[in-house]
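Since the structure comes first, as structure tokens, the remarks are kept for the end.
What follows is calculated from the coordinates using simple rules that are stated; it is not laboratory data. Computed from a prediction, not measured in an experiment: that's the story for all the values here. Ideal geometry is used to build each Cβ from the backbone, glycine not excepted, and the neighbour counts take in all protein chains shown.
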Amino acid sequence: MDFAQEFQEAAKLRNILVHMYTDVDPTVLARILEKNLDDFDEYARYIAIYLESEHE
């Protein structure tokens with residue numbers, strides 16, 4: 001649950017990229033992704049765990 005709350009920021013970033021992409025500073029975007037890239041790995045692990053539990 002803690003991770004889900006943290007990962008909400010990724011959804012917000014996605015919305016900004018989709019709807020306001022012309023206003024995004026590429027340097028700021030690169031900094032955000034570099035700092036938080038591990039979150040996407042963790043998100044993928046949660047998805048894998050969920051999918052494995054669905055097959056049991």
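Treating only the Cβ atoms of Lys and Arg (+1) and Asp and Glu (-1) as charged, compute the dipole magnitude of the chain about its Cα centre; round to the nearest 20 debye. Don't skip to the end; give the middle numbers.
Working: 5 positive and 13 negative charges, 65 e Å.
Computed about the Cα centre, the dipole is about 320 debye.
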Checklist line | Projected label distance in nm at Ser53 and Ala11, using a 7 Å step from Cα toward the beta-carbon | finding: 1.8 nm
Check: What does the helix-only formula give at 222 nm for the chain: each DSSP H stretch with n ≥ 4 adding -39500 (n - 2.57), the total divided by the residues, and the result rounded to the nearest 500 deg cm²/dmol?
Finding: -29500 deg cm²/dmol
Check: Hey, rough spin-label estimate for Phe40 and Val28, points 7 angstrom out along Cα→Cβ, what's it come to in nanometres?
Finding: 2.0 nm
Item checked: At most 10 other Cβ within 10 Å, DSSP loop - trypsin sites (Lys or Arg not before Pro), the chain -> none
Checklist line | In degrees, nearest ten, helix 2-19 long axis to first principal axis of the chain (Cα) | finding: 40 degrees
Check: To the nearest 10 degrees, how steep is helix 26-54 against the longest Cα principal axis of the chain, on a 0 to 90 scale?
Finding: 20 degrees
Next item on the list: Set Lys and Arg Cβ to +1 and Asp and Glu Cβ to -1, take the dipole of the chain about its Cα centre, and tell me which of Leu33, Thr22, Ala44 lies farthest positive.
Entry: Thr22
